[in-house]
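Below you'll find the structure, written out as structure tokens, and then a few comments.
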Ligand SMILES: Nc1nc2c(ncn2[C@@H]2O[C@H](COP(=O)(O)OP(=O)(O)OP(=O)(O)O)[C@@H](O)[C@H]2O)c(=O)[nH]1
Ligand SMILES: [Zn+2]
């Protein structure tokens, strides 16, 4: 029936559940598990999980490396939750905040064999909910019965994998005129993905012709830099310089993509900042949290540009990866236009790390 939620809709519900601390049922051909996010599960719900069997905590191989836990499943590790531990232990497995002050005591017992697909889906869900990429799972004999009995969201891991990998169709919801300091001919377009994820915005300056390369900027949201004027990064000055340049030229398009913290969300970015205060650089901090260096989905930017009718761009960026990604997703980059602004004593090391480890051109 058309009223039945699609897998994309079920995943969106599951993200909301996990953010609230409510476990979800994940199943595939071979079994089922009850899964909660390590960040949000509480003691009562952990007790509920324990009443059903022996839980394990699933963490990414990046996080496992820091904890010295064996990642037998390649990209992830499933670590048995000892009987005597409480939620503090589970949070310690997921959150590196106290790694240095109070290291987690091993040895950690990693599970081996038996398949890790349900754990993989649970980590991917936690990550896409912008939580720490770690989940607590307990195998259950009859997933559908458990979900029905308690009104829990149920996810088919086999369908969820490809759905989470796929780019969600984006709707052009509305646009409105916004006169701006850099140009009175400003217009903001709002794009909404079908899968219930964040909206993204396109700021169009003037009326750039669609049949010629447009001056374009893909700007990833940075609340601290864009709004607060943080000196830890160069985002605020880059945002303003890009808009100013488009204003001077009389035409351009700036995509404001809600991919805060290179796609890990503001809470996780603040966790990364705390680690940076402990001496780790921007890339190491992401890894200790269990993330990759850059978790952004660059297809979103390419899709929005194409939907607006732009097939080729002069891209304002210092990041060669953005150029490759645009080309790979059907947007021709006729020129990379450097955007080097906002260097200050407090972000010099950060920019140096981006040049050395992430290939940015200084
Ligand atoms: N995870 C994480 N994200 C950060 C950090 N500092 C800034 N960001 C985010 O990084 C994104 C900006 O990415 P950058 O790498 O500065 O720039 P870029 O967009 O890849 O490249 P340019 O086009 O040259 O600016 C924004 O989403 C910021 O919120 C940090 O230390 N850790
Ligand atoms: Zn920033």
Write out, first by first residue and then by second, each pair whose Cβ atoms fall under 6 Å of each other, whose residues are 6+ apart or on separate chains, and whose first residue, in region 39-54, is within 15 Å of residue 135 (Cβ to Cβ) while the second is in a loop (DSSP other than H, G, I, E, B).
-> 39/131; 39/132; 40/21; 41/21; 42/21; 49/55
Those residues of region 61-93 which are in contact with a helix residue (DSSP H, G or I) (Cβ under 6 Å, 6 or more places away or on another chain), assigned to a loop (DSSP other than H, G, I, E, B) and surrounded by fewer than 19 Cβ atoms within 10 Å (Cβ to Cβ), in sequence order | 75
Restricting region 104-113 to residues that are in contact with a helix residue (DSSP H, G or I) (Cβ under 9 Å, 6 or more places away or on another chain) and without any contact (Cβ under 8 Å) to a residue 40 or more places away in the chain, which is surrounded by the most Cβ atoms within 10 Å (Cβ to Cβ)?
-> 104
Every listed condition ((1) modelled with pLDDT of 95 or more; (2) closer than 22 Å to residue 174 by Cβ; (3) surrounded by 19 or more Cβ atoms within 10 Å (Cβ to Cβ)) holds for residue 193 save (3)
Selected residue (criterion: farthest from ligand 2 (Cβ to nearest atom)) from residues of region 194-211 that are outside any loop (DSSP other than H, G, I, E, B) and without any contact (Cβ under 8 Å) to a residue 60 or more places away in the chain | 205
Can you find a residue in region 332-344 that is within 16 Å of ligand 2 (Cβ to nearest atom), assigned to a loop (DSSP other than H, G, I, E, B), out of contact with any strand residue (DSSP E or B) (no Cβ under 6 Å at 6 or more places or on another chain) and free of Cβ contacts under 8 Å to residues at least 24 places away in the same chain?
-> yes
Please find, among 216, 244, 221, 202, the residue that is surrounded by fewer than 19 Cβ atoms within 10 Å (Cβ to Cβ) and either closer than 30 Å to residue 9 by Cβ or more than 7 Å from ligand 1 (Cβ to nearest atom) (or both).
-> 244
Report the residue count in region 144-186 for those that are over 18 Å from residue 305 (Cα atoms) and in contact with a strand residue (DSSP E or B) (Cβ under 8 Å, 6 or more places away or on another chain).
-> 18
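Filter region 212-263 down to residues that are under 25 Å from residue 197 (Cα atoms), part of a loop (DSSP other than H, G, I, E, B) and out of contact with any strand residue (DSSP E or B) (no Cβ under 9 Å at 6 or more places or on another chain) and give me whichever is nearest to ligand 2 (Cβ to nearest atom).
Result: 222.
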Those residues that are loosely packed, with under 14 Cβ neighbours inside 10 Å and under 25 Å from the mean Cα position of the chain (by Cα), I need them from region 328-347; list them, please.
-> 328, 330
If the Cβ limit is 9 Å and pairs must be 6+ apart or interchain, which residue in region 1-20 that is free of Cβ contacts under 8 Å to residues at least 40 places away in the same chain pairs with which residue that is in a helix (DSSP H, G or I)?
-> 5/12; 5/13; 6/163
Would you be able to tell me the number of residues in region 114-151 that are part of a loop (DSSP other than H, G, I, E, B) and surrounded by fewer than 19 Cβ atoms within 10 Å (Cβ to Cβ)?
-> 5
Residues that are farther than 16 Å from residue 55 by Cβ and under 26 Å from the mean Cα position of the chain (by Cα), drawn from region 105-120 | 115, 117, 120
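For the structure I just gave you, tell me whether residue 269 is at pLDDT 95 or above, closer than 23 Å to residue 65 by Cβ and in contact with a helix residue (DSSP H, G or I) (Cβ under 7 Å, 6 or more places away or on another chain).
Judged against the criteria, residue 269 is a match.
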If you go through region 86-102 one residue at a time, do you hit one that is free of Cβ contacts under 8 Å to residues at least 24 places away in the same chain and either under 15 Å from residue 138 (Cβ atoms) or touching a strand residue (DSSP E or B) at 6+ places or on another chain (Cβ under 9 Å) (or both)?
-> yes
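The values are calculated or read from the model by the stated rules, or taken from the named source; none is laboratory data. The shown structure was predicted, so the numbers you read here are calculated from the model rather than taken from an experiment. Positions of Cβ are generated from backbone atoms using ideal geometry, with glycine treated the same way; all protein chains shown enter the neighbour counts.
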